[in-house]
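All remarks here apply to the structure that follows.
Taken together, the values in this text are just the output of simple stated rules run on the coordinates, not laboratory data. Worth saying up front: this structure is predicted, and the values here are computed from it rather than measured. Cβ atoms come from the backbone with ideal geometry, glycine included; neighbour counts cover every protein chain shown.
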Amino acid sequence: MEFTRTELYTLLNLHPSDRPLWLIEADLSGANLTGANLIGAKLSMSNLTGTKLSRADLSKADLDAARLDGANLVEARLRGANLFAATLIEANLAVATLAEANLSRSNLTRASLSYASLGEANLEYANLRGAGLIEADLRGANLHEANLGRGNLRRACLSKANLTAANLSGANLRWADLTGAKLNRANLYEADLGGANLAGADLREADLSQANVTPEQLAEASSLEDATMPDGTKHIKSSVQW
């Protein structure tokens, strides 16, 4: 389903305010929807590749399996939106609001999420490989088995986030806040944790081999049971020395 510019204008400006837009499987690729009101819009399986959505309001919108590769979502509002299995490869979501959004199984490879708000968001099994998350707010987010390999999470807030079995190999976590985070069984191979706050973090069975982290930082963790230390040895319960 494709729309002309006139049809899009009519849809966005003349549809009843008490009913959400119904745009399931619509082709909106490359459209300019900057600042559009798309609250609660039904956009599942729609094509939004390269679409301009900066400052658009997509709060509680349904974007299940939608294609948003290369889309511009800078400062977009997506609080509580459903993006289950959506593709957002190289999308720009800088400073976007994604708090409480469902991004489970979404593909955010090399996406820009710097300074984005993702508190309490569901990113379980999401692919964030190579994504930029500089100073992103991920407090309480669910990143269970998410792929954050080679991601840039410098100064990101991951306090009380669930990173169980997440892939953080080669990730930049310098000065990140990981207080109370669940990192059990996480892959932190060659991760840079310089200056990161690990107070109360659960690192049971985590792989920290060749990671940049100090004994003093690890001493703040709540548990290192069976973790692989930076030198490749298994953690001895009574000590964090290696």
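Some observations on this one:
- Electrostatic tally near Ala199: other residues with Cβ closer than 10 Å to its Cβ, Lys and Arg +1, Asp and Glu -1, net -2.
- Distance (nanometres) between label positions extended 7 Å along Cα→Cβ at Asn32 and Glu135: 3.0
- Projecting the Cα atoms of Thr34, Ala201, Leu93 onto the charge dipole of the chain (Cβ charges, centred on the Cα centre) puts Thr34 farthest toward the positive pole.
- Calculated log₁₀ intensity ratio I(q)/I(0) where the Debye formula runs over C-alpha points of the chain, q = 0.15 Å⁻¹: -0.88
- Placing a label point 7 Å from the Cα of Trp175 along the Cα-to-Cβ direction, the residues of segment 105-129 whose backbone N falls under 16 Å from that point are 114-116.
- Prolate/oblate/rounded label for segment 114-242 (Cα gyration tensor, a/c 1.5): prolate
- Selection from Gln210, Ser104, Trp22, by position along the positive dipole direction of the chain (Cβ): Trp22
- Beta bridges by DSSP in the chain, antiparallel share as percent, to the nearest 5: 5
- Extension gain, Trp22 to Ala219, is 65.6 nm, computed as 0.36 nm per intervening residue step minus the present C-alpha separation.
- Cross-link partners of Lys234 among lysines (Cα-Cα below 27 Å; sequence separation of 8 or more within a chain): Lys160, Lys182
- Student exercise, the chain dipole from Lys, Arg, Asp, Glu Cβ charges, in Debye to nearest 20: 260
- Crossing angle, helix 5-14 versus the chain [Cα axis fit, 0-90 degrees, rounded to tens]: 80
- About the centre of its Cα atoms, segment 183-226 shows a dipole size close to 60 debye [charges on the beta carbon of Lys, Arg (+1) and Asp, Glu (-1) only; nearest 20 debye].
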